[in-house]
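The values are calculated or read from the model by the stated rules, or taken from the named source; none is laboratory data. From a predicted model like this one, the values you see are computed outputs, not experimental measurements. All Cβ positions, even for glycine, are placed from backbone atoms using ideal geometry, and neighbour counts span all protein chains on display. When the accessible area is computed, the model is the full protein with side chains, heavy atoms only, and any ligands, DNA or RNA have been set aside. Shrake-Rupley method; radii C 1.70, N 1.55, O 1.52, S 1.80 Å.
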Amino acid sequence: MQKIKKGDDVIVIAGKDKGKRGTVLRVVDEGKVVVENINIARKHQKANPQVGEPGGIVDRAMPIHVSNVALYNPQKGAGDRVGFKTLEDGRKVRVFKSNGEVVDV
């Protein structure tokens, strides 16, 4: 089970976008995530008339390492570390380390 998954609300804790919040769009490889509006790079893209894509300069979200993001805790109002806990019914869930609240619903 991963500590950060697709759809999680995260905050960047290191790098040029430190302090920004965003939603995880996808998990790339093992240990990297693509976050909405974080780590934006400009790409010079050639037009592809067969697909209907125009050419020009496009902004693109690039992967950022998992160690540079933290799961956003709404009660704390900041990033928080994540741990795991097994419930009475045998399910393994993610919990915030600071207050023990369950992340997964």
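Surface analysis of the range 8-76 yields an accessible area of 67 Å² per residue, using protein heavy atoms and a 1.4 Å probe. Amide H to amide H, with H built 1.01 Å from N, residue 37 comes under 5 Å of no residue 5 or more places away or on another chain.
Modelled spin labels at residue 45 and residue 23, positioned 7 Å past Cα toward Cβ, are 2.0 nm from each other.
Here the relative contact order of the range 1-103, from alpha carbon pairs under 8 Å that lie six or more residues apart, stands at 22 percent.
Order 19-31, 50-62 from most to least packed using the mean count of other Cβ atoms within 10 Å.
On the way: 19-31: 14.0, 50-62: 10.1.
Put in order of decreasing packing, that is 19-31, 50-62.
Here the range 8-76 has 49 percent of its accessible surface on carbon and sulfur atoms, given a 1.4 Å probe and all protein chains in place.
Checking [x] 1.32; [y] 1.26; [z] 0.97 against the coordinates, the calculated Cα Rg over 2.2 N^0.38 Å falls under label [x].
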